[in-house]
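Working notes, beginning with the structure itself.
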Ligand SMILES: *Cc1c(COP(=O)(O)O)cnc(C)c1O
């Protein structure tokens, strides 16, 4: 069994749904991102069934994976989108996504991005500072439009996750200090061009416990009551994203467990009428993708064995950025040979260019490896460092493979550059 239900071994070869990854590598080359359509649908279903008949809007945190084919699956399933840039807005509009199901997050929204989102008619701006609130009011007035706003508050809870992906502590750059929120909501109520519609928080990522969410919710409920006492009523409460996935042996927080507790708390405080907005990213796509790579060279140095593969930190940044652990599977495991302990590294000229460390494998040059759980924060973080074309992306649907982004060509990487006359 691998960590990802839709990537399993059949007759000794790792498959995506019904297709052999060895065949995909042969047909499309490596490095290659492969996604499972059914895995996206199953991950969505966990949220849909957890919501039951309550008013819940799930807005896919699309910075995790913004390929149009992925977005279009979620659009068809009824998802909204949590965007963090004007570029992401353009992607949602390109697939015919409904702007009324878009929430716009991010600490540094620029004027053109505020304008584009206002003109598109997004559901809500999750405002992260007093300055942004003032700028949004000005931009809305100039366009003769009204901006629906939530404040993203920072509830100062510890999500017990990696420091780089923890966002709800007082020392993080995100959100408005919850102790300042009533004052800034009161200010928002006096500004032209704004319509207060909700409250928002997002406390971190790869969260595997329910307690941080409930701590944040308790603080938001106190805030909502204080706002009510000041005559400010809200329509929705956005708890952000952050639910973790299984990279190795993590115990998982199921959406059903989280939502049952959230609904109970809201009902207990007579706030059951509020729409609940969620912004899951990783948990909708993380285990729906793998990165396929070929072993180019084996190098047996005195202190270490290295498997030098054709994928690198420019394809998958998470290991070196977050010290993240990805499970790695041989696509066709060699059961007869003895194993050695390898660091799996890329060809880029950086010591930080590693994908996995200290893994036991029986390998030969030319073997295929699958880096698992590479559906989230993987391709979207890819770069051209070392003038490496970005990998192709494939979506598998049963026995069918669709190229949803072709491999880039080397020539395209510098075709817009010019030299001085
Ligand atoms: C990144 C992000 C998300 C998605 O987080 P996941 O951990 O991938 O679920 C949701 N909301 C905001 C504001 C984000 O920045």
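Data for the structure
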read-out	value
Check on residue 83, outside the structural domain of residue 118 (by TED's automatic domain parsing) and within 16 Å of the ligand (Cβ to nearest atom)	yes
Conditions (1) in contact (Cβ under 8 Å) with a residue 40 or more places away in the chain; (2) in a strand (DSSP E or B): number failed by residue 383	(2)
Test: residue in the range 248-257 that is under 25 Å from residue 378 (Cβ atoms) and either buried (at least 24 other Cβ atoms within 10 Å of the Cβ) or within 12 Å of the ligand (Cβ to nearest atom) (or both)	yes
Positions within the range 309-330 being within 20 Å of residue 389 (Cα to Cα) and assigned to a loop (DSSP other than H, G, I, E, B), in sequence order	310, 311, 312, 313, 314, 315, 316, 317
Among the residues listed as 225, 170, the single one being at pLDDT 95 or above, more than 16 Å from the ligand (Cβ to nearest atom) and either touching a strand residue (DSSP E or B) at 6+ places or on another chain (Cβ under 7 Å) or outside any loop (DSSP other than H, G, I, E, B) (or both)	225
Filter result (within 16 Å of the ligand (Cβ to nearest atom) and part of a strand (DSSP E or B)) within the range 279-306	289
Answer residue from the range 190-222, given it is part of a strand (DSSP E or B) and within 15 Å of the ligand (Cβ to nearest atom) and is farthest from residue 179 (Cα to Cα) among those	207
Selected residue (only one of 136, 93 is at pLDDT 95 or above, more than 23 Å from residue 382 (Cα to Cα) and more than 15 Å from the ligand (Cβ to nearest atom))	136
Yes/no for residue 285 being under 17 Å from residue 16 (Cβ atoms) and more than 15 Å from the chain's Cα centre (by Cα)	no
Options 23, 65: the member that is more than 16 Å from the ligand (Cβ to nearest atom) and either under 16 Å from the mean Cα position of the chain (by Cα) or farther than 25 Å from residue 200 by Cβ (or both)	23
Conditions (1) outside any strand (DSSP E or B); (2) closer than 29 Å to residue 60 by Cβ; (3) not assigned by TED's automatic domain parsing to the domain that holds residue 383: number failed by residue 276	(1)
Inter-residue pairs, beta-carbon under 7 Å, first more than 15 Å from residue 1 (Cα to Cα) and in the range 367-380, second in a helix (DSSP H, G or I) and more than 16 Å from the ligand (Cβ to nearest atom), 6+ apart	368/21; 368/22; 368/25
Index of the failed condition, residue 384 passing every other in (1) surrounded by fewer than 21 Cβ atoms within 10 Å (Cβ to Cβ); (2) out of contact with any helix residue (DSSP H, G or I) (no Cβ under 6 Å at 6 or more places or on another chain)	(2)
Criterion violated by residue 322 - all others in (1) closer than 30 Å to residue 69 by Cβ; (2) crowded, with 16+ Cβ neighbours inside 10 Å; (3) at pLDDT 95 or above satisfied	(3)
Residue selected from the range 331-358 under the condition crowded, with 20+ Cβ neighbours inside 10 Å and in a strand (DSSP E or B), by the criterion nearest to the chain's Cα centre (by Cα)	355
Pairs where the first residue, in the range 71-86, is closer than 13 Å to residue 395 by Cβ and the second is part of a helix (DSSP H, G or I) and more than 13 Å from the ligand (Cβ to nearest atom), C-beta under 6 Å, 6+ apart	73/40
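This table checks each residue for (1) at pLDDT 95 or above; (2) over 24 Å from residue 311 (Cβ atoms).
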| site | (1), (2) |
| --- | --- |
| 2 | no, no |
| 9 | yes, no |
| 12 | yes, no |
| 20 | yes, no |
| 25 | yes, no |
| 30 | yes, no |
| 35 | yes, no |
| 46 | yes, yes |
| 50 | yes, yes |
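The values are calculated or read from the model by the stated rules, or taken from the named source; none is laboratory data. Predicted model, so just to flag it, every value in this text is computed and none were measured. Glycine also receives a Cβ, built like all others from the backbone with ideal geometry; neighbour counts cover every protein chain displayed.
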